[in-house]
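The values are calculated or read from the model by the stated rules, or taken from the named source; none is laboratory data. What you see is a predicted model; the values in this text were computed from it and never measured. Heads up, the Cβs are rebuilt from the backbone with ideal geometry, glycines too, and the neighbour counts pull from every protein chain shown. These accessible areas exclude ligands, DNA and RNA; they are computed on the full protein's heavy atoms, side chains included. Shrake-Rupley method; radii C 1.70, N 1.55, O 1.52, S 1.80 Å.
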Amino acid sequence: MLSRFSPRLASAAVRRFSAAPGAVPGSALPTAFDIFNPTEDHTMFRNMLRQFAEDKVEPQALEHNRKEIFNRDLFTELGGLGVLGITVAEEYGGSAMDATAVVIAMEELSASDPAFCLSYLAHATLFVNNLHLNGTHAQKLKYLPSACDGSKVGGMCMSEPGAGTDVLGMSTTAKQQEGGDWLINGTKMWITNGTLDGETTGDYFLVYARTGEKKTDLSMFIVEKDMPGFSLGQKIENKLGMRASMTAELVFEDVRVPAENLVGTVNGASICMMRNLEIERVALAAMATGIARRCVEEMNKYATARKAFGKPLSDFGQTQKAIGESYADYMAGKSYTYSTSNNLDLASSGNVLDSDGVKLFAAKMSKEVADRAIQVLGGNGYTGEYRVEQMWRDAKLLEIGGGTNEAHHKNMVNWFKKAGHELP
């Protein structure tokens with residue numbers, strides 16, 4: 001039986017290349033440094049999650065995606081392993097790990113079920129990590145323990161029917177009332193974990209709303225299930241992919257939120273939003289890496305076992321090209337993802353160039369690798385039993401969710417306009 005993971009990362013120093021085991025004094029890089037597992041804790045964490053994914057996530061993936069239902073019980077098991085509060089301080093029920101641990105979790109879970117992994121991301125990164133970085137001690141004590149143990153499921157409300165990529169154009173408002181409470185009105189769309197059962201909302205949400213006249217005058221609030229005026233608009237059905245992850249429209253009609261549920265400062269949430277988008281995008285790149293890894297494994301396995309014209313498919317040049325190029329693309333994306341996470345301080349901002357760049361590359365890469373896998377498997381690749389068709393469908397979301405490819409192009413070029421033209 002798997003037990004709760006208890007990391008021994010004592011300080012930020014152990015997460016840096018120069019402090020890894022085997023470091024040579026005065027050198028920039030340690031000897032025998034493993035970019036994918038910078039410390040022993042990361043290795044142990046990966047091994048635990050891979051076993052969990054193989055034993056628990058893999059067997060349920062096909063059924064839950066076909067039925068388009070969220071596996072609530074399995075999600076709770078992640079809480080028992082300490083994975084739901086992966087970046088949270090231990091005093092709030094977390095495991096106090098870093099951005100690379102986030103990436104490891106995303107890669108390992110998505111290799112078995114990207115949809116289940118997406119629900120995990122919305123909870124652990126968009127709600128839990130966001131609140132941990134920006135909330136007060138009282139807010140963290142109230143909400144994080146139950147989010148970390150899995151008894152409550154959270155999400156984040158940013159996108160709207162008329163404001164996706166143009167997120168600063170959101171129209172949801174929060175107006176302060178006498179006594180300090182706030183009234184929220186508006187509609188949020190494409191909310192992961194917006195519903196868990198198709199009938200009611202999820203448990204906790206961080207909601208962005210307009211609180212001033214300037215475009216950047218946004219504030220963030222904690223909204224709980226069953227607050228009067230807060231309701232499920234609709235569960236989004238018949239999605240191309242990510243079918244076992246619930247997506248919803250949420251409606252706010254004069255939702256009264258206590259003053260103490262304001263996270264951060266009034267009109268100060270734009271920086272919180274942009275900072276959390278950075279780790280979200282790196283996490284989505286890690287999901288793409290997991291998808292690609294699974295597809296390369298499936299191609300290899302099938303090409304070895306399946307014969308045509310009296311020979312294994314792996315003996316044919318067309319198959320060799322598909323597998324060889326897919327592995328190279330996978331390793332390029334994986335290396336970029338871990339290079340980015342190993343240098344990402346979760347409390348920092350301004351990491352747009354590589355947080356956008358790595359998602360831009362990895363998302364496209366995973367879809368192309370999945371496409372090759374379907375081609376190698378032929379008719380079998382077109383059926384759900386072999387899973388690569390699900391990987392292809394799920395991979396497409398990564399070019400849209402968390403920032404479209406086009407948004408990444410814009411953000412990266414804008415970074416260059418401000419920072420100059422020289423590269424490291």
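Residues in the range 226-254 that are open to solvent by less than 60 Å² (accessible area, probe 1.4 Å) and polar (S, T, N, Q) were compared, and the one that is nearest to ASP203 (Cα to Cα) is SER231.
Across the range 168-196, the qualifying residues are those that are open to solvent by 30 Å² or more (accessible area, probe 1.4 Å) and outside any strand (DSSP E or B), and the one among them that is nearest to GLU68 (Cα to Cα) is LEU196. When you check ALA96 against the structure, is it open to solvent by 30 Å² or more (accessible area, probe 1.4 Å) and aliphatic (A, V, I, L, M), yes or no? Considered against the rule, which asks whether it is open to solvent by 30 Å² or more (accessible area, probe 1.4 Å) and aliphatic (A, V, I, L, M), ALA96 comes out as yes. Scan the range 386-416 for residues that are more than 30 Å from GLU298 (Cα to Cα) and more than 18 Å from the chain's Cα centre (by Cα) and the total you get is 9. Among the conditions (1) hydroxyl-bearing (Ser, Thr, Tyr); (2) open to solvent by less than 50 Å² (accessible area, probe 1.4 Å); (3) in contact with a strand residue (DSSP E or B) (Cβ under 9 Å, 6 or more places away or on another chain), SER348 misses just one, which is (3). If the condition is being of a type in the set (D, E, K, R) and on the phi > 0 side of the Ramachandran plot, then the range 180-229 contributes only ASP226. Within the set TYR330, TYR338, the sole residue that is under 20 Å from the mean Cα position of the chain (by Cα), closer than 30 Å to LYS418 by Cα, of a type in the set (Phe, Trp, Tyr) and in a helix (DSSP H, G or I) turns out to be TYR338. Scan the range 123-140 for residues that are open to solvent by less than 20 Å² (accessible area, probe 1.4 Å) and small (Gly, Ala, Ser) and the total you get is 2. Just the residues that are small (Gly, Ala, Ser) and either assigned to a strand (DSSP E or B) or under 14 Å from ALA373 (Cβ atoms) (or both), please, taken from the range 304-327. Of everything in the range 304-327, those that are small (Gly, Ala, Ser) and either assigned to a strand (DSSP E or B) or under 14 Å from ALA373 (Cβ atoms) (or both) turn out to be ALA308, SER314, ALA322, GLY324, SER326.
Among the acidic types (Asp, Glu), free of Cβ contacts under 8 Å to residues at least 40 places away in the same chain and not assigned by TED's automatic domain parsing to the domain that holds ARG243: is that true of ASP98 in this structure?
Values: among the acidic types (Asp, Glu): yes; free of Cβ contacts under 8 Å to residues at least 40 places away in the same chain: no; not assigned by TED's automatic domain parsing to the domain that holds ARG243: yes.
In short, no.
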